[in-house]
Structure formats: C-alpha cells, structure tokens
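The structure under discussion appears below in the form of structure tokens.
The values are calculated or read from the model by the stated rules, or taken from the named source; none is laboratory data. Since the model is a prediction, treat every value here as computed from it, not as a measurement. Methodologically, a virtual Cβ is constructed for each residue, glycine included, from the backbone with ideal geometry; neighbour enumeration extends over all protein chains shown.
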C-alpha cells in the first residue's frame with residue numbers, strides 16, 4: 001500500500017493546480033474527500049466558439065491524462 005503525507009500531497013496538488021491553470025483557466029482540479037487520493041476535474045467553457053471548444057476539449061483531455069498519471073493517485077493519505 002502506497003502512502004503519502006498530507007503536507008507532501010498538499011504541495012504536489014498546489015503545483016499540479018498551477019500547471020493546470022497555465023494550460024487552461026477554465027479547468028479546475030481538486031482532491032476528492034476520502035482516504036485515497038483521487039482528483040476531481042471540473043470545467044466551464046463560457047466562450048463557445050468552435051475554435052475555443054476544440055481547444056478546450058484538447059486541454060480537458062490533457063488534464064484527464066495528467067490526473068490519471070498524478071504521482072500520488074491511489075495513495076492512502078496519512079496525517
């Protein structure tokens with residue numbers, strides 16, 4: 001069983017969030033409450049031009065892959 005200290009996870013999530021903000025400010029990531037690390041993704045695309053929607057979809061796909069590959073995904077959180 002892999003574990004991660006909350007303080008280490010907090011720093012990693014801060015960095016991950018900054019990375020996602022750089023990619024697209026309309027996409028937000030956060031931690032799902034629980035003892036295992038799970039990342040939630042929420043998004044809003046208010047500018048619905050075809051070009052923006054295509055760009056947004058590409059970014060959302062990249063975020064989903066990054067969340068799946070997050071270093072601490074599935075780890076048990078210890079305080």
Answer yes if at least one residue in region 54-73 is part of a loop (DSSP other than H, G, I, E, B), at pLDDT 90 or above, under 16 Å from residue 19 (Cβ atoms) and out of contact with any helix residue (DSSP H, G or I) (no Cβ under 8 Å at 6 or more places or on another chain), and no otherwise.
yes
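Can you find a residue in region 22-34 that is more than 15 Å from the chain's Cα centre (by Cα), under 26 Å from residue 2 (Cβ atoms) and free of Cβ contacts under 8 Å to residues at least 60 places away in the same chain?
So far as region 22-34 goes, yes, one or more of its residues are more than 15 Å from the chain's Cα centre (by Cα), under 26 Å from residue 2 (Cβ atoms) and free of Cβ contacts under 8 Å to residues at least 60 places away in the same chain.
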Checked region 59-79 for anything over 21 Å from residue 7 (Cα atoms) and surrounded by 12 or more Cβ atoms within 10 Å (Cβ to Cβ); matches are 59, 60, 62, 63, 64
When (1) in contact with a helix residue (DSSP H, G or I) (Cβ under 8 Å, 6 or more places away or on another chain); (2) part of a helix (DSSP H, G or I); (3) surrounded by fewer than 16 Cβ atoms within 10 Å (Cβ to Cβ) are applied to residue 16, the one that fails is (3)
If you go through region 24-53 one residue at a time, how many are part of a strand (DSSP E or B), out of contact with any helix residue (DSSP H, G or I) (no Cβ under 7 Å at 6 or more places or on another chain) and closer than 20 Å to residue 74 by Cβ?
3
